[in-house]
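Participant: I have a structure I would like to understand better, so I am pasting it below and will then ask my questions one at a time.
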Amino acid sequence: PGDIRDTEGLHEGLKRRVMSQTSGLSGEQLLQVFLAAPGMLGLAEADTSALSSALVEHIPRLSAPQLTRCLVACARAELVQKSFLLPVFHHVHKKRDELSSSDVVACIWAVHVMGYC
């Protein structure tokens with residue numbers, strides 16, 4: 001089995017399709033795309049930034065575990081965009097009592113990888 005980048009046109013077609021449909025997705029769906037697409041589709045920084053911009057309006061409604069996944073996704077994608085991270089940090093702080101111990105460890109890892117500690 002080969003990489004999807006080896007299939008002529010498929011990789012670029014998938015990237016275009018994913019990026020064209022972000023406006024109609026729910027917060028949970030956008031989060032799933034934000035977690036998977038940068039690595040699987042090799043998104044450019046601008047595309048990853050566009051995904052985070054689409055997700056930012058949903059941040060207040062995300063649960064503590066979902067916010068943790070946002071931080072982990074940022075760390076994996078090497079996205080250190082303050083306009084996205086500040087609301088995530090704010091809402092993680094507001095929902096800190098809802099974080100599991102594994103969420104806390106994941107947040108610490110993500111913050112460390114992004115260079116914030």
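The values are calculated or read from the model by the stated rules, or taken from the named source; none is laboratory data. Fair warning: this is a prediction, and the values are worked out from it, not measured in the lab. A quick note on method: Cβ atoms are made from the backbone with ideal geometry, for glycine too, and the neighbour counts reach across all protein chains shown. Please note that ligands, DNA and RNA were not included when accessible areas were found on the heavy atoms of the full protein model with its side chains. Shrake-Rupley method; radii C 1.70, N 1.55, O 1.52, S 1.80 Å.
Participant: Whole-Hz Karplus ³J(HN,Hα) for segment 61-74, in order, using 6.51 cos²θ - 1.76 cosθ + 1.60 and θ = phi - 60°, x for Gly and Pro?
Facilitator: Using θ = phi - 60°, the values come out as 9, 7, 6, 4, x, 5, 5, 4, 5, 4, 5, 4, 4, 4 Hz.
Participant: Using the beta-carbon distance between E78 and Q32 and R0 = 25 Å, what value does 1/(1 + (r/R0)^6) give for FRET efficiency, to the nearest 0.05?
Facilitator: 0.85
Participant: Against the longest principal axis of the chain, how steep is helix 10-20, in degrees 0 to 90 to the nearest 10, with axes from Cα atoms?
Facilitator: Once rounded, the angle reads 50 degrees.
Participant: Next question. Got a sec to turn the phi values of segment 23-34 into Karplus ³J(HN,Hα) couplings, 6.51 cos²θ - 1.76 cosθ + 1.60 with θ = phi - 60°, whole Hz, x for Gly and Pro?
Facilitator: Calculated HN-Hα couplings, in order: 5, x, 8, 6, x, 5, 5, 4, 4, 4, 5, 4 Hz.
Participant: Per the Kirkwood definition applied to all pairs of different Cα atoms, how many angstroms is the hydrodynamic radius of segment 57-117?
Facilitator: 11.3
Participant: Please compute the Kirkwood hydrodynamic radius over the chain, one decimal place, Å, based on all pairs of different Cα atoms.
Facilitator: Values: mean 1/r = 0.0679 Å⁻¹.
For the chain, the Kirkwood estimate is 14.7 Å.
Participant: Per DSSP helix of 4 or more residues, -39500 (n - 2.57); summed, then divided by the residues of the chain. What does that give at 222 nm, rounded to the nearest 500?
Facilitator: -21000 deg cm²/dmol
Participant: Could I ask something else about it? Show me, for segment 80-88, the HN-Hα J-couplings you get by feeding each phi into the Karplus relation (A = 6.51, B = -1.76, C = 1.60, θ = phi - 60°), rounded to Hz, glycine and proline as x.
Facilitator: Working through the residues one at a time gives 10, 10, 4, 5, 9, 5, 4, x, 5 Hz.
Participant: Per residue, how much accessible surface does the chain expose to a 1.4 Å probe? Answer in Å², no decimals.
Facilitator: Per-residue value: 59 Å².
Participant: With each label point set 7 Å from Cα along the Cα-Cβ vector, what nm distance links E57 and D97?
Facilitator: Result for the modelled spin labels: 3.1 nm.
Participant: Using only Cα atoms, tell me the angle between helix 101-113 and the longest principal axis of the chain; keep it within 0 to 90° and round to the nearest 10.
Facilitator: 70
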